[in-house]
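The values are calculated or read from the model by the stated rules, or taken from the named source; none is laboratory data. Owing to the predicted nature of the structure, the values given are computational and were not obtained by experimental measurement. Cβ placement follows ideal geometry from the backbone for every residue including glycine, while neighbour counts extend to all protein chains displayed. Surface areas here come from the heavy atoms of the whole protein model, side chains and all, with no ligands, DNA or RNA. Shrake-Rupley method; radii C 1.70, N 1.55, O 1.52, S 1.80 Å.
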Amino acid sequence: MEIIVIDDDMPTVDVILSELNFEKFGIDKVHSAYNIASAKKIFEENDIGIAICDIEMPMGSGLDLLKWVRENGYESEFIFLTSHEKFDYARQAIEYNASGYVVKPFNTDRMEAELINALQRLHERNESQKASTYEEWYSDNLEYVEEGFWNDILQQRILADTDVIRKEAEHRRLSVNIDSKYRICLVAAGNTEQVEDAWGKGNVGQYEKAASEYLSQWFFGKESLGKCVNYHVKNMIYTAVIWEDEDTAVRFPDAELLKDATDKLKNTITLYVSNPYSISELHEARQHLETLDRNNVASKGNIFNEDDEIVMSSEKGHTLDQEQIRLLLNEKRKKELLNLLKFSMESLAAQKKLNEAVLVEIRQDLLQTVLAYLSGKEIQATELFANEAAVSLERQATDSLMNMMRWQVYFISRTIDYVTEVEKSDSIVDRAKAFISEHYKEDISRTEIAGSVYLTPEYMAKMFKKETGVSLKQYITDFRVGKAKELLANPNVRISDVATEVGFDNFSYFSTVFKKTTGYSPGEYHANVNGKNQ
């Protein structure tokens, strides 16, 4: 059995080749290509059984290659890689008899399930001698096949047509009651950063595995991972649990589940339970539950039914009292301003007038007001809030009421505290001096020094001159000459090396500046301080 991996992104090809154990599937030869032209040549020269192929590539798409393969009589199975949550190319792919789809980023378990599916199709068509290997792995990985099926239903990678779904279930050898009504419990754990805060950087997969195992035990009383589907929408992490509405053995979600899940999964868990739907309607049901989650910014950590009224429409333009915010900023009344924001947010939440769109509006209004205030103080806000904590808090602010209030506390506190510090000019000047002391050997500019204390260059220069009595340029020169004098006190120093050591790239200019400052040339100073005659 031969297989080819095709993707214009070389790291993706490398990951697939390294992560998959092809031998266990009876695959003894693996090819790779980074464009359609190279792939066609490999097809012409080899007996390719399966192709793992990216959809979108320069100079020809994966669908173009599939069409060419079929037109040339090759019966290879195709597994497509796609970055699209909604697989827009499904109809064309089905027309040319594609085997399966895997959504990026690459997932080993999902890919193995699709390989099993492709091998099954090959087996049915060619009666492959590798059938025993396939059967063994199909049995061991049935839960991944089932999870892949339900994921394809939820993401509508299988057309929302009962007959098509029935054939696909039969093709994957799954026992699915196509004519039943189904419910979804959407388990929302927050965004990637929130999950990683609890589970550790890079451990989202560990969380998802724990979520599937825990939820399957809770709902079904046994490990039934195939009915627990983990997926991402942008940076939000969801697990969808699917069950037949008439299955009386299923344990319906309740307050006990919510409390226990929050503890076991180390996150604030919110549950959204759908009404019963036909299997072809589950994609729309999933989208509706996600909309409820996006709009639910004030009541995380609860259980909601699909018909619950989580948020009412809000009138624009009344969210924050901008005039009062400006007044409290100008007077640096931090506590009063934070209390005003807290009261405004809680009032909107109580009236059910908060949703994601309103939080975006509030964030933009507050940003605009504070940035204008800082600009008036000649403080560079982009530098002041360029740290990782500030960026993360701002990005998460529209996810929930709690995150918005957390960002507001940081944003307002950082603003007023720094303005207060700037007005104590001695501390700012000390920091500028420290920056010069650390970087005097480099070609530092007034702009860099001002950036280190988040001020505009003009304001920094004015403040420095007022506080020290000398200009920034003169201070840097005097500092460098002072360091040069320390070096010249060493009898063994090479005078020509001193200029470079203290930040001058031209010895002649260094000599001129040194003599103007000290009254001696560097050579004369070196001789005098070391008791030598020149």
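Go through the residues of the range 475-493 one by one and say whether even a single one is open to solvent by 20 Å² or more (accessible area, probe 1.4 Å), at pLDDT below 90 and not in a loop (DSSP other than H, G, I, E, B).
no
Here are some residues: PRO491, PRO522. Which one is in contact with a Gly (Cβ under 9 Å, 6 or more places away or on another chain) and not hydrophobic (A, V, I, L, M, F, W, C)? If you could, list the steps in order and put the result at the bottom.
On the way: PRO522 fails: in contact with a Gly (Cβ under 9 Å, 6 or more places away or on another chain).
Going through PRO491, PRO522 in turn, the sole match is PRO491.
Restricting attention to the range 238-247, does a residue exist that is more than 26 Å from the chain's Cα centre (by Cα), open to solvent by less than 40 Å² (accessible area, probe 1.4 Å) and among the aromatic types (Phe, Trp, Tyr)? Break it down into steps so the answer makes sense when it comes.
Step one: filter the range 238-247 for residues more than 26 Å from the chain's Cα centre (by Cα), giving 242-247.
Still in the running and open to solvent by less than 40 Å² (accessible area, probe 1.4 Å): 242-243.
Then keep just the ones that are among the aromatic types (Phe, Trp, Tyr); that gives 243.
Yes, the range 238-247 has at least one match.
Determine, yes or no, whether VAL470 is within 17 Å of ALA450 (Cβ to Cβ), open to solvent by 30 Å² or more (accessible area, probe 1.4 Å) and aliphatic (A, V, I, L, M). Before you say what the answer is, go through the steps one by one.
Details: within 17 Å of ALA450 (Cβ to Cβ): yes; open to solvent by 30 Å² or more (accessible area, probe 1.4 Å): yes; aliphatic (A, V, I, L, M): yes.
Yes; evaluated as a whole, the condition is true for this residue.
Could you check, for the range 214-229, whether at least one of its residues is open to solvent by less than 30 Å² (accessible area, probe 1.4 Å), of a type outside the set (Ser, Thr, Tyr) and not in a helix (DSSP H, G or I)?
Going residue by residue through the range 214-229, those that are open to solvent by less than 30 Å² (accessible area, probe 1.4 Å) are 215-216, 218-219, 224-226, 228-229.
Within this subset, residues satisfying the condition of being of a type outside the set (Ser, Thr, Tyr) are 215, 218-219, 225-226, 228-229.
Of the ones still in play, those that are also not in a helix (DSSP H, G or I) are 228-229.
Yes, the range 214-229 contains a residue that is open to solvent by less than 30 Å² (accessible area, probe 1.4 Å), of a type outside the set (Ser, Thr, Tyr) and not in a helix (DSSP H, G or I).
Those residues that are in contact (Cβ under 8 Å) with a residue 40 or more places away in the chain, surrounded by fewer than 23 Cβ atoms within 10 Å (Cβ to Cβ) and over 22 Å from LYS209 (Cβ atoms), I need them from the range 98-123; list them, please.
Residues satisfying the conditions are SER99, GLN120, ARG121, LEU122.
Among the residues of the range 468-480, is any free of Cβ contacts under 8 Å to residues at least 40 places away in the same chain and touching a Pro at 6+ places or on another chain (Cβ under 7 Å)?
no
Mind listing just one residue for me: the one in the range 495-534 that is acidic (Asp, Glu) and under 15 Å from TYR440 (Cα atoms) and, of those, surrounded by the fewest Cβ atoms within 10 Å (Cβ to Cβ)? Talk me through it step by step, then tell me what you get.
Within the range 495-534, the subset acidic (Asp, Glu) is 497, 501, 505, 524.
Narrowing the set further to residues that are under 15 Å from TYR440 (Cα atoms) leaves 501, 505.
Numbers: GLU501: 16, ASP505: 9.
Per the criteria, the residue is ASP505.
How many residues does the range 158-195 hold that are of a type in the set (S, T, N, Q), in contact (Cβ under 8 Å) with a residue 60 or more places away in the chain and open to solvent by 40 Å² or more (accessible area, probe 1.4 Å)? Even if it seems obvious, please write down each step before you answer.
Here is the first cut: in the range 158-195, the residues of a type in the set (S, T, N, Q) are 162, 175, 177, 180, 191-192, 194.
After this cut, where a residue has to be in contact (Cβ under 8 Å) with a residue 60 or more places away in the chain as well, the list is 162, 177, 180, 191, 194.
Subset that is open to solvent by 40 Å² or more (accessible area, probe 1.4 Å): 162, 177, 194.
The total comes to 3.
Take the residues in the range 1-38 that are part of a helix (DSSP H, G or I) and of a type in the set (Gly, Ala, Ser), then tell me which one is surrounded by the fewest Cβ atoms within 10 Å (Cβ to Cβ). Show your work before the answer.
Of the residues in the range 1-38, the ones part of a helix (DSSP H, G or I) are 10-19, 22-25, 36-38.
Retained after the next criterion (residues that are of a type in the set (Gly, Ala, Ser)): 18, 37-38.
Values: SER18: 8, ALA37: 11, SER38: 14.
The qualifying residue surrounded by the fewest Cβ atoms within 10 Å (Cβ to Cβ) is SER18.
To keep it simple, each residue is scored yes or no on (1) more than 21 Å from GLU306 (Cβ to Cβ); (2) among the aliphatic types (A, V, I, L, M); (3) part of a loop (DSSP other than H, G, I, E, B); (4) without any contact (Cβ under 8 Å) to a residue 24 or more places away in the chain.
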| residue | (1), (2), (3), (4) |
| --- | --- |
| ASP197 | yes, no, no, yes |
| LYS201 | yes, no, yes, yes |
| LYS209 | yes, no, no, yes |
| SER212 | yes, no, no, no |
| GLU246 | no, no, yes, no |
| PRO253 | no, no, yes, no |
| LYS259 | yes, no, no, yes |
| ASP263 | yes, no, no, yes |
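Could you run through the range 343-381 and say how many residues are assigned to a helix (DSSP H, G or I), closer than 30 Å to ILE449 by Cα and touching a Ser or Thr at 6+ places or on another chain (Cβ under 8 Å)?
Counting residues in the range 343-381 that are assigned to a helix (DSSP H, G or I), closer than 30 Å to ILE449 by Cα and touching a Ser or Thr at 6+ places or on another chain (Cβ under 8 Å) gives 4.
Name the single residue, out of those in the range 66-79 being open to solvent by less than 70 Å² (accessible area, probe 1.4 Å) and touching a Lys or Arg at 6+ places or on another chain (Cβ under 7 Å), that is farthest from ALA113 (Cα to Cα). Full working, then the answer.
Here is the first cut: in the range 66-79, the ones open to solvent by less than 70 Å² (accessible area, probe 1.4 Å) are 66, 68-70, 73-74, 76-79.
From what is left, the residues that are touching a Lys or Arg at 6+ places or on another chain (Cβ under 7 Å) are 68, 77.
Values: TRP68: 26, GLU77: 14 Å.
By that ranking, first place goes to TRP68.
For GLY100, indicate whether it is at pLDDT 80 or above and of a type outside the set (A, V, I, L, M, F, W, C).
Numbers: at pLDDT 80 or above: no; of a type outside the set (A, V, I, L, M, F, W, C): yes.
Spelling it out, it is not the case that GLY100 is at pLDDT 80 or above and of a type outside the set (A, V, I, L, M, F, W, C).
Restricting the search to the range 4-26, which residues are in contact (Cβ under 8 Å) with a residue 40 or more places away in the chain and within 22 Å of ARG125 (Cβ to Cβ)?
Our first condition is that a residue be in contact (Cβ under 8 Å) with a residue 40 or more places away in the chain; within the range 4-26, this holds for 4-9, 12, 15-16, 19-20, 24-26.
Result: ILE4, VAL5, ILE6, LYS24, PHE25, GLY26.
Go through the range 390-417 and count every residue that is among the small types (Gly, Ala, Ser) and buried (at least 18 other Cβ atoms within 10 Å of the Cβ).
2
Give the residues of the range 418-453 that are part of a loop (DSSP other than H, G, I, E, B), open to solvent by less than 30 Å² (accessible area, probe 1.4 Å) and within 19 Å of GLU378 (Cα to Cα), sorted by residue number.
Matches in the range 418-453: VAL453 only.
Identify all residues within the range 39-60 that are free of Cβ contacts under 8 Å to residues at least 40 places away in the same chain, in a loop (DSSP other than H, G, I, E, B) and open to solvent by 30 Å² or more (accessible area, probe 1.4 Å); write none if there are none. Spell out how you get there, then give the answer.
We begin by selecting, within the range 39-60, every residue free of Cβ contacts under 8 Å to residues at least 40 places away in the same chain; these are 39-45, 55-56, 59-60.
Keeping just the survivors that are in a loop (DSSP other than H, G, I, E, B) gives 55-56, 59-60.
Correct list: GLU56, MET59.
For the range 322-335, enumerate the residues that are surrounded by 13 or more Cβ atoms within 10 Å (Cβ to Cβ) and in a helix (DSSP H, G or I). So that I can check it myself, show each step before the final result.
Filtering the range 322-335 for residues surrounded by 13 or more Cβ atoms within 10 Å (Cβ to Cβ) gives 324-329, 332-334.
Once the filter is applied, which keeps residues that are surrounded by 13 or more Cβ atoms within 10 Å (Cβ to Cβ) and in a helix (DSSP H, G or I), the range 322-335 yields GLN324, ILE325, ARG326, LEU327, LEU328, LEU329, LYS334.
Of the conditions (1) at pLDDT below 90; (2) closer than 24 Å to GLU196 by Cα; (3) surrounded by 21 or more Cβ atoms within 10 Å (Cβ to Cβ), ASN295 fails just one. Which one is it?
Result: ASN295 fails condition (3) only.
Can you tell me which residue in the range 494-534 is nearest to GLY482 (Cα to Cα), limited to those that are assigned to a loop (DSSP other than H, G, I, E, B) and under 50 Å from the mean Cα position of the chain (by Cα)?
If we filter the range 494-534 for residues that are assigned to a loop (DSSP other than H, G, I, E, B), which is where we start, we get 494, 502-506, 519-521, 530-534.
Add one more test, that the residue is under 50 Å from the mean Cα position of the chain (by Cα), and what stays is 502-506.
Values: VAL502: 9, GLY503: 12, PHE504: 13, ASP505: 17, ASN506: 17 Å.
Among those residues, the one meeting the criterion is VAL502.
Name every residue in the range 249-289 that is surrounded by fewer than 15 Cβ atoms within 10 Å (Cβ to Cβ) and aliphatic (A, V, I, L, M), in order of residue number.
Answer for the range 249-289, where residues must be surrounded by fewer than 15 Cβ atoms within 10 Å (Cβ to Cβ) and aliphatic (A, V, I, L, M): ALA249, ALA255.
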